[in-house]
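The values are calculated or read from the model by the stated rules, or taken from the named source; none is laboratory data. Bear in mind the structure is a predicted one, so any value in this text is a computation, not a measurement. Neighbour counts are summed over all protein chains in view; Cβ atoms, including those assigned to glycine, are modelled from backbone coordinates with ideal geometry. Ligands, DNA and RNA are stripped out before the accessible areas are found, and what is left, the full protein with its side chains, is counted by its heavy atoms. Shrake-Rupley method; radii C 1.70, N 1.55, O 1.52, S 1.80 Å.
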Number of protein chains: 2
Amino acid sequence: MTIQTRRERERAERERLIVTAARDLAEAEGWDAVTTRRLAAEIEYSQPVLYSHFKGKGAIMAAVAVRGCEELTADLRASTAAAEGAHARLAAVGRAYTDFGRRRPALYDAMFTHLVDLPFATPEAPAPLQEAFGELLKAVEPVAHEGDDLGLLTETFWAGLHGLVTLMRSGRLPREAHDRRLALLIERFAPRATTD
Amino acid sequence: MTIQTRRERERAERERLIVTAARDLAEAEGWDAVTTRRLAAEIEYSQPVLYSHFKGKGAIMAAVAVRGCEELTADLRASTAAAEGAHARLAAVGRAYTDFGRRRPALYDAMFTHLVDLPFATPEAPAPLQEAFGELLKAVEPVAHEGDDLGLLTETFWAGLHGLVTLMRSGRLPREAHDRRLALLIERFAPRATTD
DNA sequence: CTTGGTTGCTAGCAGCGCTAGGGACAAGAG
DNA sequence: CTCTTGTCCCTAGCGCTGCTAGCAACCAAG
């Protein structure tokens, strides 16, 4: 019994090690640098060991993505703590989200850009994912209009943030004007005043 | 003289052939299926010929992207022709844009998702790209608030559309609610009425 | 001490983007 | 017509990728 549990514990620890190594390597040198060989070398095991834990490289990225959601949730939660008022809350969460995308580009890509076979908009979606979305939802809720579907509105707001992050990160939008674009987006979803 | 021009013409035609083959193959089977070997086979030349026209696979994708911009511009232009009023215009252009993303996913990815070394937000950006953006700009202009930077506002609106397209296409947003999300986005940028 | 099962290794496959080097062919000179 | 020069494009191969088959070593149980 104990011997069995020890093995399982060691195995779980190694799996954690793989995910951590993949995330760190990706953050340091980008996902292109995360090859199964380098990853194997990093954890000091041979390649096939990876496949005894994960179905393939995609599954490893998915695991990294899920863990990334926990970080994102924490960031979003922290950002709204000090904000007062619906507008400030939405602005804070928007800033936290886009900051996350800029600060942890590889993590962000694993979560929201790369094709990764994770269930997303279903009840089977990983809990950390749903929590992150929930944080957005809480910030959007006060600015919803009557008759709006809150879930859909949050998805739409999320799409706006996601577009800003990805277009900027790929060089399609100039980085230096990010703050002003973000402010414009926030203003459309949470108008500060009805008249100027 | 004539012999020289004939050769140059044939070369240009072959280059066009490469780009067309790459686009068609990508649209049919996705960019993963577009390998230099398959592309070479498709145009009935050997691999190295590709490299006498383009620096590498990335450059071929960039060429496909530029040509895709022309198609997008045409779509956007056609969409606004029949629309009357600022709200309808913005809705029409938004629908045309997202439809383009869904109908030509590979083309869309080459243009706006994949890393491709094209100058984007600079005066050196390819003309077709600037034209496509210009179409968006014309639709956004009537709904800008006083004091808004029109370029930045258009970029922000574009980001919203781009987020909707990419998150939906990667399965992160349910496809069936796309219309309602798009309507919500349009409503935020061009409110149909000030009060309900 | 032997046996059975697990574990993780070495080696290799098919395919990728890309390139070096040579062979065929056409154009111009004598 | 012959020879040289230069262009063009193909064959072959490099180093890499994700992934897997098959074997060797080890560990627990009888």
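Values as computed for the structure displayed
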item: Some residue of the stretch A:119-130 being within 14 Å of chain B (Cβ to nearest Cβ), out of contact with any Phe, Trp or Tyr (no Cβ under 6 Å at 6 or more places or on another chain), part of a loop (DSSP other than H, G, I, E, B) and in contact (Cβ under 8 Å) with a residue 60 or more places away in the chain; result: yes
item: Residue that is surrounded by the fewest Cβ atoms within 10 Å (Cβ to Cβ), among those in the stretch B:32-54 that are over 14 Å from B:ALA21 (Cα atoms) and near DNA strand C (Cβ under 7 Å from one of its atoms); result: B:PRO48
item: Filter pass, B:ARG16 being away from chain A (no Cβ under 14 Å), within 16 Å of DNA strand D (Cβ to nearest atom) and under 19 Å from the mean Cα position of the chain (by Cα); result: yes
item: The stretch A:176-190, residues that are touching a residue at least 40 places away in the same chain (Cβ under 8 Å) and more than 7 Å from chain B (Cβ to nearest Cβ); result: A:HIS178, A:LEU182, A:ALA183, A:ILE186, A:ALA190
item: Residue among A:VAL64, A:VAL116 that alone is within 16 Å of DNA strand D (Cβ to nearest atom), in contact (Cβ under 8 Å) with a residue 24 or more places away in the chain, out of contact with any His (no Cβ under 9 Å at 6 or more places or on another chain) and not in a helix (DSSP H, G or I); result: A:VAL116
item: For A:THR113: the one exception among (1) open to solvent by less than 30 Å² (accessible area, probe 1.4 Å); (2) closer than 30 Å to A:ALA21 by Cα; (3) within 8 Å of another protein chain (Cβ to nearest Cβ); result: (1)
item: B:ARG6 surrounded by fewer than 13 Cβ atoms within 10 Å (Cβ to Cβ), in a helix (DSSP H, G or I) and within 14 Å of DNA strand D (Cβ to nearest atom); result: yes
